[in-house]
Each structure stands twice: as structure tokens, then as C-alpha cells.
């Protein structure tokens, strides 16, 4: 709980502990309105009622709290007093005075709120919906001419209302125009003059117009706009008397040059003791996929109102840190973070909840965004294990996007190997990390041991039964088929059985398929065939026999083409997809034959031999039994194991004397005999 201080300044009692100072630069005209943004380190009420602004001799001046949040962000506007340039903003635990009446007419205030469905054919529809909609932000802007919501770029559909006074330099007939992405309504003195109702794109002509006779002087201006989707555009224009063409209503007409955005230095406690402070600014982002981005943020540490230059400690709220006073930090995703600035890691320092959005400028051909590669020098130094799950996933995706598969895999392995406290939604992200990196390690990087560890660690982290079962099944398949570790495979299958229970889901089918593979490895044909039959019954396929055969044909032709081209990675991926569609593919024979060929091509000869043994135990009379048996003998030979190879060729000739491959087997045996004789 923050202590309440009573500060005596002259004869004025100020019962708010924190003070920020705003200094209007000397020289030039005094602005009528000043806008200041700052972070409140948790000391401001959500409604901003414990804040007040004072000017000369600590007298209250009119103020408006324009925005509180997101996080600890605050934006306040206040009126200036003639001849006075120093102002203080007081806030914190305590009771604020009532603000004097606002009298300034300068400036155009834009407020945005989250969109909710309403009638866009008439101005009252969005006006009423706006009144109860969730607040996004508010600020003084130069004019009504935007391509996005400047208070929260990239945050989705929104309402915006611009309010102020527009000055008619002389009496006469004024034409007003609007063009917008979706509905817009332009009102002068409370009456709609121009409108573009409904949902639509912007137009490049003056069709949405109206005219009104105005006396010289100020007139109430209101502009209401609705963006119902991800794109936005709003333009309010006019054609004053005597002008030959329309133009965007200029800032001067709203008195916008009389509004100044100035920094609020501090804070000071009790008006005397300086507190650490920091500012942050989103300076860029790099798109990652269609809907996410990495965000580049510039931080600056302050003390006693001055930018710091010495060593400090930052905790950016995402597990990463820095010792520089003005670091550039890359957030792996948008969101809310508790950022701490302190003198040392053990110092509590100051903490602000900051919301990191995407950069303010929407990406297009002129503004494509930052390049992911430019962020690598920063993100490559991150302590991966300290990232949250979504950020860890994003880091892996960044490396994949720039063709750094090994770094992506390493990042995922480091993160999954650490201990994490996860929420329910986090477990889904853990599974996504494993789904992304497990196959990458197994097929692209040919690191089945690494892939097994990924799935084992993912299983350790997740608690939801179906997710854990998925991880154990993937680990079990790798242990059985790649690493030939039958005991580890059985352990994983048993754990998955416990997680799933009497499942009739797709995972239940996968479990039974792998049970079939395990029993085939043990030479138990009866148990294997029964498991495959259960897998087929549980498999959620709606394809008829003709469709299933067509898919198998397409898959097999693709695999054959990949093997001819030497693209073993794609061959393996296609074979796994084939097996997912057909749980009993191992029985017929062509699938295990092609899989054994793919493993042999990668010089995983023991895997090819194991696959051959599984199939021959399962279906010794299959149409491909002789080809698989010959491939197993070849695999022994390719490892330089002459005696086991010769034994397999002899067995081949006994079991398949009529095979077209029999002459080749005899030739192999004759060659081996000749070689032994020469060696003697």
C-alpha cells in the first residue's frame, strides 16, 4: 500500500503522493491545451479519479483524463494559464480535487472504442453503440484523416468519434465531404451534413457530400466513423466559399496547432524525492505469418527527470533482461508485460504494466515492416528457457522462416527441457511446439533421438490426457521404428493407454496401430493383426474403397518420385501421411517396402532391416515379401556385415526360389565367395 503524503506548497494542501512535471518550452506561443502521456507504476485508479493538474502557485487548472490503460498507461490533457509554462500532475493514493470547468475550444479530440454490431444506415446506430462499447483510447489529433486507429493500431474493428470546433473563416455556403471504409457521418452543429452509411470501401470522388450555410466563427464539429473489419480509412473534407476544390479539413480549422503533446518528467515522491521512470516506444515490427508479428521496442531509463546513461537492470517481463539504459528489445508477440527497471537485479525498482501493440503504420508496399533477419542478433541472445510458451513457439517459427532449421530445433529443445508452470491454454502451445519441431528433427534434420526427446519433454509438461497421449504416441513410434528401442516404445504406449482409456478417437486408432507395430516387432502375428483391425475400426475415415485405393495410389507414386529424385525427406513425410490415412498399410507390403527403401537411402540400414523383419513376421506371403527380404540382405551388405548378408541371401533363395530377384541373390553369394577366396 502506498503511503499518503500531505505536501504543503504555499497555502495549498496536496494529498496525492506522486508528482510529474510538464514544462512548456520557452519561446513561441503558449499552447491552449497540453497533452501528456506517462506510465503510472500502478498508482492510478482505473477511472483516473485520483489525479489532478496544477499550474501557477499550485492552483488547479482544467484537466481531462483522456485514457487510462491499457496497463499502466495514462494520457491527460489540461488547459494552460496565460503566461505560465510550468505545470504539475499529481496522482496516487488519496483524494483529488474536482477539475475546474473545461473551457478551451481548440483541438480535435478523437476517441476510439471496440466495434459492436449496430445499424449502420443511420447516425444514431453507431452513436448509441459507441456509448456502451469498450474503450480503446482517446487523443487530440490534427484532423479527421486516418488509415487506422492511432490509439491501437492493428487491434481490429472499431468505432471512432471526432469532436471539436471547426472555424468558418467567413460566412457562406460550405460543402462537406466524407469517404471511408464502412460507415461515416459528418455533423455540423448537431446536424448530419454528409454521410456514407453502411458497409463499403472508400471512394475516390466527392459523391458523399452535403452543404450548409455557416456564419463566420466556431461551429460544433462531430465525425463518426465505423470500421467493421481489419481495414480502415476515414477522411473528412470541405470546400469553403470561394475554394475551387475540396480538401481535407486542415488542422488550423480545428485549432490543432494550439494543442501541444509534451513529456511529463518524473515522477517525484512528495514533490522532492525522484523516482526511477522509463518510457517505451514501439518503433517497428516484423510480420510472422498472417496474424502475428515480432515487435521492436525502444526503452529509455530516467532518473530525476533526466535520461540515464549508466548501467541499470531491465526485466522486460518476457524472461529477458538488459543492463543498458536505452535498450532496444524484441518482443516475440504483442501483449501485456510487467516491465521492471532497477539499479540491480535484486532491487525492486519500478514496475509498469505495459501493453506492446504492433507498430502504428500498417504494412503495405511502401511500409513492408522490418525484416525478421534483422532481429536475429537480438533474439539469438535470448535465454530461451525463460520465454513464455507462445514466445518460445514464435522464436522457433522465426528461425524456420529464415531457413535456420537447426536453430529452430535447438530453441525448442532448450525450452522443452526446462521446467515450466503452465496454464491450461499453455499446454496447447507446448503441443504445437512439439508438432512443429518433432517432425523437423526426425525427417529434415535426421535426428530421431532429438525428436524423441522433444516428445518426451512435451509429455512431461502437459497434463491434459489427450495431449499427453499424443506426445507419448509420437515418442513411442520414434522409439520403435527409428531407434529400435522396444522397451521405451512399450512404456510410452502403456502410458498413452492410461491417458486415453477406452478411447474411440483418432488417437485411439493411432495407439492400436502402434500396438500392431510393436507386436509385429515381437513376432506375434496374431496380436499384431488384431491390433491393426481395431485401428481400422477406430480410424475416422469417410472415404469409400475406391477413394482409399486412389489415395494409396497417389501416395505411392509420390513416394516413388521422391525416392528417384533423392528427396528422402519428402518421401518420409509422404509415407507418414499415407500411414495416417491407412492404419493397416503395413500388412499389404508396399508401404513397408517403400519405407525400408527410404531408410536405406538415408543409410539407416538397421531400421530398414527391422522394417523387413516386422513385415515378414506379419505377412510372409505378401506380394512384396521377396523384395523386402532382398532389401534386408542388401542393408546388411551395405554395412559391411558380410556373413549376416550371405546368410540372408541364402535364406532368400530358400524362401523365394522363383523370385525375379533370385539371380541377383545368387550373384551376390558368388561375389562374396570369390572375395573370400581372394582374401585367403
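Just so you know, all these numbers are worked out from the coordinates, no wet-lab data involved. All figures in this text were calculated on a predicted structure; none of them were measured in a lab. Don't worry about glycine lacking a Cβ; one is built from the backbone with ideal geometry, like all the others, and counts go over all protein chains shown.
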For segment 107-199: relative contact order, % (alpha-carbon pairs under 8 angstrom, 6 or more apart): 31
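Please report the antiparallel percentage of the DSSP beta bridges confined to the chain, to the nearest 5.
Looking only at bridges with both residues in the chain, the antiparallel portion is about 95 percent.
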Longest to shortest principal axis, alpha-carbon extents of segment 448-602, angstrom: 42, 35, 29
With Cα atoms, 0 to 90° folded angle of helix 506-521 axis to the chain main axis: 30
Cα-based equivalent ellipsoid of segment 423-501: semi-axis lengths in Å, sorted from largest, via gyration tensor: 19, 16, 7
Pairwise label distance in nanometres, residue 524 with residue 446, each label 7 Å out on the Cα-Cβ vector: 3.5
Relative pair counts by distance (%), Cα atoms of segment 120-258, 10 Å bins: 12, 46, 34, 8, 0
Radius of gyration and maximum dimension Dmax of the chain, Cα, Å: 35.4, 118
Range of Cα positions in segment 543-680 per principal axis (Å), largest first: 60, 29, 21
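Per the helix-only calculation at 222 nm, which mean residue ellipticity applies to the chain, given -39500 (n - 2.57) for every DSSP H run of n ≥ 4 and division by its residues, nearest 500 deg cm²/dmol?
About -11500 deg cm²/dmol.
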Cut-off 20 Å, label 7 Å out along Cα→Cβ of residue 98, residues of segment 35-67 by amide N: 47-55, 59-66
Cα-based shape type of segment 304-452, given that a ≥ b ≥ c are square roots of the gyration tensor eigenvalues and the cut on a/c is 1.5: prolate
Pairs of Cα atoms farther than 21 Å apart, segment 276-362, %: 28
Percentage relative contact order, segment 369-421, counting C-alpha pairs under 8 Å, at least six apart: 38
Between 0 and 90°, nearest 10: helix 545-565 axis offset from the chain longest Cα axis: 90
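Can you tell me what percent of all Cα-Cα pairs in segment 462-543 are more than 18 Å apart?
38
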Shape category assigned to segment 207-337 from the gyration tensor of Cα positions, a/c cut at 1.5: oblate
Nitroxide proxy distance, nm - points 7 Å out along Cα→Cβ at residue 418 and residue 213: 7.3
Residue order, fewest to most beta carbons within 10 Å, for 433, 587: 587, 433
Kirkwood hydrodynamic radius over Cα pairs of segment 154-231, then Stokes diffusion coefficient at 25 °C and 0.890 mPa s, in µm²/s: 185
Euclidean distance between Cα centres, segment 393-455 to segment 163-199, Å: 54
For segment 369-383 versus segment 291-342, the gap between their alpha-carbon centres in whole angstrom: 15
Using alpha-carbon coordinates, inclination of helix 662-679 to the longest axis of the chain, degrees: 80
Packing rank of 654-660, 610-616, 566-572, where each peptide gets the mean count of other beta carbons within 10 Å, highest leading: 610-616, 566-572, 654-660
Along each principal axis, Cα extent of segment 101-183, largest first, Å: 40, 31, 26
Equivalent ellipsoid, segment 214-277 (semi-axes from 5 times Cα gyration tensor eigenvalues, Å): 39, 20, 11
Point-to-point label distance, residue 506-residue 134, nm (Cα→Cβ direction, 7 Å offset): 3.1
Förster radius 41 Å - calculated FRET efficiency between residue 26 and residue 324, Cβ distance, rounded to 0.05: 0.80
For segment 58-201, projected area of the alpha-carbon convex hull averaged over all directions, nm²: 11.5
Orientation-averaged projected area, Cα convex hull of segment 261-308 (nm²): 4.8
Global form of segment 605-680, assessed from the alpha-carbon gyration tensor, a/c cut-off 1.5: oblate
Burial ordering of 149, 580, fewest other beta-carbon atoms within 10 Å first: 580, 149
Rg [Å, one decimal], Dmax [Å, integer] - segment 386-471, C-alpha atoms: 11.7, 35
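Can you put 225, 399, 204 in order of Cβ neighbours within 10 angstrom, beginning with the fewest?
204, 399, 225
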Sequence-separation-based contact order of the chain, relative, with Cα cut under 8 Å and 6+ spacing, percent: 8
